[in-house]
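Data block below; observations after.
The values are calculated or read from the model by the stated rules, or taken from the named source; none is laboratory data. Just so it is clear, the model here is predicted, and its values are computed rather than measured. FYI the Cβ positions are ideal-geometry reconstructions off the backbone, even for glycines, and counts take in every protein chain you see. To get the accessible areas, we keep the full protein, side chains included, count just its heavy atoms, and leave off ligands, DNA and RNA. Shrake-Rupley method; radii C 1.70, N 1.55, O 1.52, S 1.80 Å.
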Amino acid sequence: MAAPDGTSAAVVGAPTDVAAEPASPGSAARDEAPATAAQSVPAGPRKDIQALRAVAVALVVLYHFWPQRLTGGYVGVDVFFVISGFLITLHLLERPIRGTKDLFAFWARRVRRLIPAATVVLLVTLVASMVWLPQTVHARVAKEVLASAFYVENWMLALTSTDYLATDQLHSPTQHYWSLSVEEQFYIVWPVLIGLAYLVSRRFGRSFRFPPLLVIGAVSLASLAWSAWFTGEDAAQAYFVTTTRVWELGVGAALAAAVHAGLRPRGVLVRSALVWGGLAAILWSAVAFTGATPFPGVAALLPTVGAAAVIAARSDDLRAGPRRLWSGRPVQWLGDVSYSVYLWHWPAIAIAPFVLDDDNVTWPQKLLILVVVLGLSAVTKRWVEDAMRFTPRLARSTRRSFVLLAVCLAVSASASGLALWQTARATAATDAVVIDSDAACVGADALRTASCAGRQTEMLTNPVRAADDKPDVYADDCWNNRPFTRHKVCTYGPRNAPVRVALYGNSHAGQWQPPIVRTAKERGWRVDTYIASECYSVDVPIFFPTKALEDNCMDWNAWARGEITSGKYDLVVMSDRTFQPLKDVAAAEKPAVAKQAYNRVIDGFVASGARVLAIRDTPAAAASVPDCVARYADDVERCATSQKKGLEPDPLAEAARARAGTDVSLLEVTDLLCKDGSCPAVLGGLITYFDHGHMTKSFSLTLFPEVSRALRGALEGVPDA
């Protein structure tokens, strides 16, 4: 599953799984459980699991460094979830939670194992972000550091994953903590559930095997069913939430329960088939899956079951297995430091382009970054992970372990708060500036008025303010976002106004709300908004990742058209970015098919007695304009966009242009956004867009003369207009 912007963001598995603390400070991280009658394999480190960690972290790292070459490397996260579920559950079954003392001792081990290293990386990442990343992302990074420190990052990402306007934001260098958050939430709840199962078994005098199996089975099956359904409904959110991921840890937990019960595969052929088949399933997933694969859902069964098969095979003593391959020191070392590699690799990838001042990081540079990551990981493993885990004063005291937790959380919270304060302080100077959109040479007037040519206008805003400078439809919550089941209409102006205007389209219609509403306010009109993010206003199916979204978009458009045609509107203002593919329509045929669809929609509005004003879409930048301006504050010309590249085809504008007359008209203002083939990021002292392609409210208002004139022209002859 890719991030909402189509690139894979932070699909990293957290290799945080250790069943118990090693017996001595000098030993390696062990995957151990006490030997029982059901276990013929002696307790101690399992090289196959350590190697599986190495495979998983290698998949994730290679995927993030070269996402186009290993398109499904994100399945490494699923492998880690299975390992975690297996080791933690086996530990809990072999050493049951008999009371609160055992429970807090279990949590204390997790604190010592995970929190110090995670905190060090968060603090270093926050400092590096404040130094090298654009000012526009400082506040977001600080908030995500705080969310990561308290292990709720996955829920924060889930809340923003459906926000189309957030898809072009820079990747946060801490967003990979989402998987750590899932595991930490599991570590908090799971021992309680297994402990309760143990108490139930003791209360009724039953074997300890049955109640845990009920817990594992019920939780895992419910989570799998929910994951399959929710992935089909909203894959972006489903990717991050804990409830769609618990079953993957449950796969490992079920295997642990089987091992605890003495159920293990036997025979060389069976074990060989399991280990090689499991590896093949994982590697095939990594190669065959892409960002378009609905994930997690049922697709995640392949890598998770594959990981479980590898663990079940117990291949350390299997000659027909990959023992020689993954018993080597490099593989075992990578498995040993996999947690630190996981922590460091994503911040390095996210921040490196800004350190190098080049978004196109070369292969040699990537290899150098990888070497640095491995070096930092080795240092962190030795001087942070192991030091905190094996310090006698900490290891012998549950209370001191929780004091350590409190200190780490306090430091992270304080650093995040300081970063937020610093960001607010740095932008305070321009926050109080009142922008006069009618002033000479401000905004679009810099290209409208000949006397403004060559005039250097002082920057009237800053990138942080520009990123939040959105039309009122955002603050007024007028959007109908995915899954397009909401039917929200915002009304501006008196309900009994003599002239009624409908604003219809996707988010690129919303950017015209400021000058439209200003015109309506001055003339006593009423404006109603029918705006859906992404879902542009055609009567044919638009392609979305799921059929539910496709159907909902179709239904929403049908509802909006019905409301408008029956609403006795005098004018319908339409504007869209027609960027999503059409369902079952070849890319070469899309412009013609979309134009025909827009013509039918316009026909319906005209037949209802309304006139139609289409506004040609604005040029799109390659990335977030405020981010670019913040990054290149001393050379904002680097943020300009080629008009040829930025001005996308607009079938709606073409349909309106071909039939322009009394009932249909077209407004295009490209000449006020671009000049000589270039579209500047800053015009007349104003940053043009608050993201990659939506105008700031301040800049949109400087287009008031053109918009007002077009509205009045479209309504010419209409009484009271």
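Points to keep in mind about this one:
- Stretch gain in nm, segment ALA450-ASP584, where the contour uses 0.36 nm per residue and the Cα spacing is subtracted: 43.5 nm
- Accessible area of TYR689 (1.4 Å probe, protein heavy atoms only, ligands and nucleic acids ignored): about 10 Å².
- Sorted from longest to shortest, the spans of the Cα atoms of region 585-661 along the three principal axes equal 53, 30, 17 Å.
- When the Cα positions of THR546, ALA620, PHE150 are compared along the charge dipole of the chain, PHE150 comes out farthest toward the positive end, with charges on each C-beta of Lys, Arg, Asp and Glu.
- Reachable lysines from LYS645, criterion Cα separation under 29 angstrom, eight or more residues apart if same chain: LYS366, LYS470, LYS583, LYS590, LYS595, LYS675, LYS697
- Amide H to amide H, with H built 1.01 Å from N, PHE543 comes under 5 Å of LEU582, LYS583, counting only residues 5 or more places away or on other chains.
- FRET efficiency estimate (nearest 0.05) - Cβ-Cβ, ALA387 to ILE188, R0 22 angstrom: 0.35
- Neighbour cut-off at most 13 other Cβ (10 Å), DSSP loop, GluC sites (Glu not before Pro), region 661-721: GLU716
- Annotation note: chymotrypsin sites (Phe, Trp or Tyr not before Pro) in region 81-158 located in DSSP loop regions with a Cβ neighbour count of at most 10 within 10 Å are absent.
- Hydrodynamic radius by Kirkwood, which averages 1/r over all alpha carbon pairs of region 208-362, in angstrom: 18.1
- Percent accessible area from carbon and sulfur atoms, the chain, protein chains only, probe 1.4 Å: 60
- Multiplying the residue separation of LYS645 and VAL372 by 0.36 nm and removing their Cα-Cα distance gives an extension gain of 94.6 nm.
- Under DSSP loop assignment and at most 12 Cβ neighbours within 10 Å, longest trypsin sites (Lys or Arg not before Pro)-free interval of the chain: 569-721
- Integer Hz, Karplus 6.51/-1.76/1.60 couplings in order for region 707-717, x for Gly and Pro: 5, 4, 5, 5, 5, 5, x, 5, 9, 4, x
- Phi angles across region 665-680 convert, under the Karplus curve 6.51 cos²θ - 1.76 cosθ + 1.60 with θ = phi - 60°, into 3J(HN,Hα) values of 9, 9, 10, 9, 10, 4, 5, 9, 10, 9, 8, 6, x, 10, 10, x Hz, Gly and Pro given as x.
- When only alpha carbons are used to place a centre, region 661-721 and region 407-456 end up 23 Å from one another.
- Pairs of Cα atoms nearer than 8 Å and 6+ residues apart set the relative contact order; for the chain it is 15 percent.
- Computed log₁₀ I(q)/I(0) - Debye formula, equal Cα scatterers, no solvent, the chain, q 0.10 Å⁻¹: -0.99
- Between ALA424 and ASP472, the modelled labels are 2.6 nm apart [label points 7 Å from Cα along Cα→Cβ].
- Accessible surface, the chain, averaged per residue in Å² (probe 1.4 Å): 40
- Among the cysteines of the chain, CYS408 have no other cysteine beta carbon within less than 4.7 Å of their own.
- FRET E, pair THR485, LEU356, Förster distance 56 Å, beta-carbon r, rounded to 0.05: 0.80
- Ranked order, LEU62, LEU274, LEU549 - accessible area, probe 1.4 Å, largest first: LEU62, LEU274, LEU549
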